[in-house]
1. Suppose we filter region 398-418 for residues that are touching a helix residue (DSSP H, G or I) at 6+ places or on another chain (Cβ under 9 Å) and either under 19 Å from SER123 (Cβ atoms) or crowded, with 19+ Cβ neighbours inside 10 Å (or both); how many remain?
2. Check off (1) in contact with a His (Cβ under 9 Å, 6 or more places away or on another chain); (2) of a type in the set (A, V, I, L, M); (3) within 18 Å of ARG369 (Cα to Cα); (4) part of a loop (DSSP other than H, G, I, E, B) for LEU310 and give me the number that stays unchecked.
3. Considering only region 14-62, how many residues are touching a residue at least 40 places away in the same chain (Cβ under 8 Å), within 15 Å of TRP82 (Cα to Cα) and not in a loop (DSSP other than H, G, I, E, B)?
4. Restricting to region 44-86, give me the number of residues that are among the acidic types (Asp, Glu), closer than 24 Å to GLU125 by Cα and in contact with a Ser or Thr (Cβ under 8 Å, 6 or more places away or on another chain).
5. Could you run through region 24-69 and say how many residues are among the polar types (S, T, N, Q), open to solvent by 40 Å² or more (accessible area, probe 1.4 Å) and under 28 Å from the mean Cα position of the chain (by Cα)?
6. Can you find, within region 329-353, the residue that is most open to solvent (accessible area, probe 1.4 Å) among those that are in contact with a Phe, Trp or Tyr (Cβ under 8 Å, 6 or more places away or on another chain) and not in a helix (DSSP H, G or I)?
7. Quick check, is ASP129 over 26 Å from VAL206 (Cα atoms), at pLDDT 95 or above and out of contact with any Leu (no Cβ under 9 Å at 6 or more places or on another chain)?
8. Could you check region 427-457 and list, in sequence order, the residues that are surrounded by fewer than 16 Cβ atoms within 10 Å (Cβ to Cβ) and either in contact with a strand residue (DSSP E or B) (Cβ under 7 Å, 6 or more places away or on another chain) or charged (D, E, K, R) (or both)?
Amino acid sequence: MPNSPALHTTISDPCTVVCLHFLGGSTREWEPVTALLDDLARVVALDLPGFGDAAAVSGYSVEAMADHVAAGIAASDPGGRWYLAGHSMGAKVALALARRAENGAPDLAGLAGLVLLGGSPPSPEPMSDDKRREMMEWISADAETRCRKAGEFIDQNAGAPLGEPLRTRAVEDVLRASPAAWTAWLRDGSREDWSRRIGILRIPAVVVGGTEDADLGAAAQKALTLPHLANGRLVSLDGAGHLLPLERPEAVASLIANLVSGEPLPKSEAPTVPEPYRALIESDRVNTRLRAALLARTEPDDPVYQPGCLDPVELAQLRAVVDRVLPQDGMSRIDIAARIDARLAAGSGDGWRFAKLPADGAAYRAALRTLDAAARSVHGMRFLGLDGGAQDALLTAVASSEPLCPDGPEDGLDAEAMSLWFEDLRSDAVRIYLAHPASLARIGFSGIGAGGDDAETLEGFVRVGIADPEPWEPSALKKSSTLGEAGR
C-alpha cells in the first residue's frame, strides 16, 4: 500500500505507537494503518484479553485489560517516547493507562500522546439496553446465526461497505472472539464509570469520530471524551462510521504522524494585566489584603484543573454555558467555570440562595443534568454536541422559565428552579469576570487605589471634574488591556 503524501513527515526521534482494537477486533485491524506509517514510527498492535490471538486470555474488566496491555507494552520495550492509539473499547483502556502514566507508573514512562478513535468514553458507554441485549444473545447462538450476525455487525458499523478482504477478515475476528469476553464488555466493561478516576489528563490527544457512527461519533466524542483532555483536539471524519482504522486508514495514519511529529495544539493564555494597573496594585495606595487578593486572581488558571464539585463532563458543560452567557474572544481567557467549581467545592458562596433551590453544588449539578436531558430530548444529542445557536435557544428557554422537556431527570430541576439557577449562574459569572484585575483595568476602575494600609495619610478621590483624573490613576487602561472582549 503506497504512502499517502500527507505522511511525508520528518520525525527526528523514531518512536513507537501502541495500538488497541475495538470490540470484536484484533491486531489485524491496524494493518492498513501500519502499512501507511511505514518507517515513520514503529507500530505495536496488541490483542485485548478475549480477542484475536488472546482469545483464551481472561480478565475482561477495564482494569484487567489495562494490566494486560501494560505488560505487553513493557515486553515490547517502546523506548523513551511512545504513543497510544485506542479504538472504541481500546480507547477506554488507553485512557485508563494514560491516567496511570500521569500518576507516575514507571512501566508507562515516556507516554507522549493519545489517538482515540470512536472511543468508548470514561463514563458508561451510550448504548440502548435493547441493542446490548441483542448483541449478547447472538454471540452464543448457533454457528449459522453467529456468522450472519457478525457480518451484520461489521456492515452496520461501517459508514460505507468495506471492500475485500477487509470485510471477511473483520467478520473472522468477531467470530474468533471469546463469547465470555464479548458479553463481559457489553454487560460490565462498557458500563464502568471511570469519569472521576480519569479526571482531566494533560497529555496531548487527538479524538476522532465518524459522522455516521450512531453511538460513538464525533458528537458523542465532543460531549463525553474531549472533556477529559486538557490538550485534546476533536477531528470529525465526514461519512465515516465506527471502524475508522479499516474505513479511513489514510486519515488515521496522517493524524498519528502529525501527533508524533510534534504538531502543536492550540493553547489558551491567561489575561494580561496592563503594567500601569499592575503598578497601581503593587503601590501603597492598595491595602495589603486587597493587593494579595488581586494578585492571586491574576494567577493563570490551571489548564489541567481537576474539578472538586462537578465531574469533568459537567465542568465542560458549565464552560460551554458560561461561553454563551459571557463570551471571551481570543486566546486570553478567564476560566470562569473552573473558578465557580472551586467555590462550590470549598462551600464559599455568597451566603444566600433561592429557597426554591438546593445547596449551591447540588443546584449546579441538577441544573446541568436537566439542561443535558433537554438537549437530548429536543435535539437528540447532548448539550456539548450542539452548536451555539441551539445552545442559546435552550438557555433562552431556561431564562424564560419555559418547560424544557416532559421527561426530565428525576433528580433535575423544574422550569422555575432552572430559571432561578440561571440567574445565580449569570451573577456568579459576571462577578468572577469583573473581579479579575484585567477586567477592572479594561473598564478603567481605579477604586482599588482609594486608600492603603494607612488611609489617613493618603487622599482618595478629590477631583470630580469630567476627564480630570487623580494624578495617581493609571491612564489609557482600556486601550492597554489585553483581556479578550466580553459581552452579551
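1. 9
2. Only one criterion in (1) in contact with a His (Cβ under 9 Å, 6 or more places away or on another chain); (2) of a type in the set (A, V, I, L, M); (3) within 18 Å of ARG369 (Cα to Cα); (4) part of a loop (DSSP other than H, G, I, E, B) is unmet by LEU310, namely (1).
3. So the count comes out to 6.
4. Going through region 44-86 one residue at a time, the tally reaches 1.
5. Result for region 24-69: 2.
6. ASP335
7. Spelling it out, it is not the case that ASP129 is over 26 Å from VAL206 (Cα atoms), at pLDDT 95 or above and out of contact with any Leu (no Cβ under 9 Å at 6 or more places or on another chain).
8. ARG431, ASP453, ASP454, GLU456
The values are calculated or read from the model by the stated rules, or taken from the named source; none is laboratory data. Because the structure is a prediction, the values reported are computed rather than measured. Methodologically, a virtual Cβ is constructed for each residue, glycine included, from the backbone with ideal geometry; neighbour enumeration extends over all protein chains shown. In case anyone asks, the SASA skips ligands and DNA or RNA and just uses the protein heavy atoms, side chains included. Shrake-Rupley method; radii C 1.70, N 1.55, O 1.52, S 1.80 Å.
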